[in-house]
Amino acid sequence: QVQLVESGGGLVQAGGSLRLSCVASGSIPSMNIMGWYRQAPRDQRELVAYITRAGTTKYADSVKGRFIISRDNNKNTIYLQMDSLRSEDTAVYYCNSRLRQSETGYWGQGTQVTVSS
């Protein structure tokens with residue numbers, strides 16, 4: 001079991017920045033791959049970025065060059081630095097943690113990010 005607590009969402013103007021944090025507790029092996037997903041109203045949940053314990057990262061094309069994911073393994077925490085935010089980035093952002101890519105993993109409760117144009 002892994003418990004995930006997100007923070008850092010809020011309202012920001014287009015072009016602004018936000019930094020999300022996700023603190024994990026529980027089963028360390030299940031924190032192997034940690035990432036951020038987002039879901040806008042009427043849309044499916046989509047991957048934003050993930051990072052492995054070893055530091056390998058993957059980003060959605062829509063956020064490359066604007067968002068940076070990082071992690072502190074000592075604190076079981078991941079971060080998402082979001083710059084040059086756009087209105088289309090508005091969504092609920094969810095933290096996810098899993099052992100393998102093939103697993104659904106565990107989800108946080110989500111944090112709302114709203115970008116006003």
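Key figures
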read-out: Out of L85, L80, L99, sole residue that is of a type in the set (A, V, I, L, M) and closer than 12 Å to Y37 by Cα; value: L80
read-out: Hits in region 103-117 (condition: crowded, with 19+ Cβ neighbours inside 10 Å and within 13 Å of the chain's Cα centre (by Cα)); value: Y106, G108, T111, V113
read-out: Matching residues in region 41-62 - criterion: being in contact with a helix residue (DSSP H, G or I) (Cβ under 8 Å, 6 or more places away or on another chain) and over 18 Å from G105 (Cβ atoms); value: S62
read-out: All positions within region 32-58 that are out of contact with any Phe, Trp or Tyr (no Cβ under 9 Å at 6 or more places or on another chain), in contact (Cβ under 8 Å) with a residue 40 or more places away in the chain and either more than 19 Å from S87 (Cβ to Cβ) or assigned to a strand (DSSP E or B) (or both); value: N32
read-out: Conditions (1) touching a residue at least 40 places away in the same chain (Cβ under 8 Å); (2) open to solvent by less than 20 Å² (accessible area, probe 1.4 Å): number failed by R100; value: (2)
read-out: Within region 84-117, considering residues that are among the hydroxyl-bearing types (S, T, Y) and in a loop (DSSP other than H, G, I, E, B), the one modelled with the lowest pLDDT; value: S117
read-out: Selection status of I33, open to solvent by less than 80 Å² (accessible area, probe 1.4 Å), of a type outside the set (S, T, N, Q) and under 15 Å from W107 (Cα atoms); value: yes
read-out: Qualifying residue in region 56-79 (condition: aromatic (F, W, Y), under 10 Å from the mean Cα position of the chain (by Cα) and surrounded by fewer than 19 Cβ atoms within 10 Å (Cβ to Cβ)); value: yes
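The values are calculated or read from the model by the stated rules, or taken from the named source; none is laboratory data. Note that the structure is a prediction, hence the values are computed from the model and not measured. Glycine also receives a Cβ, built like all others from the backbone with ideal geometry; neighbour counts cover every protein chain displayed. Side chains are part of the model used for accessible areas, which takes the heavy atoms of the whole protein and leaves out ligands, DNA and RNA. Shrake-Rupley method; radii C 1.70, N 1.55, O 1.52, S 1.80 Å.
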